[in-house]
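Heads up, the thing below is written out as structure tokens.
The values are calculated or read from the model by the stated rules, or taken from the named source; none is laboratory data. Source: prediction; values computed, not measured. With ideal geometry, Cβ positions are generated from the backbone for all residues, glycine too; neighbour counts draw on all protein chains shown. Keep in mind that these areas ignore ligands, DNA and RNA; they rest on the heavy atoms of the full protein, side chains included. Shrake-Rupley method; radii C 1.70, N 1.55, O 1.52, S 1.80 Å.
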Amino acid sequence: MDAFYEEDERILGHAADPYHRIDIRETSRTLEVRLDDTVVARSEHPVVLYESGFAPRWYVPRADIDETRLRPVEGQTFCPCKGLCDYYDIGDAHRAAWSYPDAYRQVERITGLVSFEPDKTEVHLDGKRLEPEPGQYVIPHDADRGLDADELKSR
């Protein structure tokens with residue numbers, strides 16, 4: 001077997017779980033991301049992505065980010081629901097942010113937006129710091145390289 005197909009469409013990676021749900025909502029809440037004393041991002045119109053089995057993920061438009069703080073890193077991961085994901089280091093925080101440059105049509109609202117790891121940066125929503133929820137880590141803490149096919153995690 002060389003690839004997965006659903007009808008005539010080739011599926012990259014593996015087929016998505018048909019019972020896995022993703023909802024994306026706009027919000028007028030204020031999201032601020034800091035690393036040490038530096039504001040990396042501040043948005044009054046982030047979007048929140050609710051995904052079955054995961055904590056809500058907040059995505060920020062690039063216009064609301066100090067992109068000089070983001071350093072692209074090698075390696076991507078794959079999500080059968082969202083597509084290929086790029087990562088960024090911020091200061092000494094490895095893979096502290098990610099983005100889907102060409103998210104799948106079903107989740108295209110997050111294309112190009114950036115999300116930040118609350119365990120590697122300080123993510124504040126309406127002034128309250130978000131804490132990572134147990135079992136909700138997206139990237140393993142010891143990840144310092146691109147993940148191979150056996151290590152890909154659903155995002």
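A few points about this structure:
- For beta carbons closer than 7 Å, sequence separation of 6+ or different chains, a first residue in segment 60-73 that is exposed (fewer than 12 other Cβ atoms within 10 Å of the Cβ) and a second that is in a strand (DSSP E or B), the qualifying pairs are 72/86; 72/88.
- Output for segment 25-44, where each listed residue is under 26 Å from residue 91 (Cα atoms) and without any contact (Cβ under 8 Å) to a residue 24 or more places away in the chain: 37, 42, 43, 44
- For segment 74-100, the set of residues classified as open to solvent by 50 Å² or more (accessible area, probe 1.4 Å) and without any contact (Cβ under 8 Å) to a residue 24 or more places away in the chain consists of 92 only.
- Within segment 12-59, the residues that satisfy the criterion of being among the polar types (S, T, N, Q) and open to solvent by less than 40 Å² (accessible area, probe 1.4 Å) are 27, 30, 43.
- Matching residues in segment 1-29 - criterion: being modelled with pLDDT of 80 or more and more than 14 Å from residue 82 (Cβ to Cβ): 8, 25, 26, 27, 28, 29
- The criterion of being in contact (Cβ under 8 Å) with a residue 24 or more places away in the chain and under 17 Å from the mean Cα position of the chain (by Cα) holds for residue 22.
- Taken over segment 30-55, residues that are assigned to a strand (DSSP E or B) and not β-branched (Val, Ile, Thr) amount to 10.
- Breaking point among (1) touching a helix residue (DSSP H, G or I) at 6+ places or on another chain (Cβ under 6 Å); (2) more than 19 Å from residue 25 (Cα to Cα), for residue 82: (2)
- Segment 57-71 - residue that is touching a strand residue (DSSP E or B) at 6+ places or on another chain (Cβ under 6 Å) and not aliphatic (A, V, I, L, M) and, of those, nearest to residue 103 (Cα to Cα): 59
- For segment 52-73, the criterion of being closer than 17 Å to residue 119 by Cα, of a type outside the set (A, V, I, L, M, F, W, C) and touching a helix residue (DSSP H, G or I) at 6+ places or on another chain (Cβ under 7 Å) is met by at least one residue.
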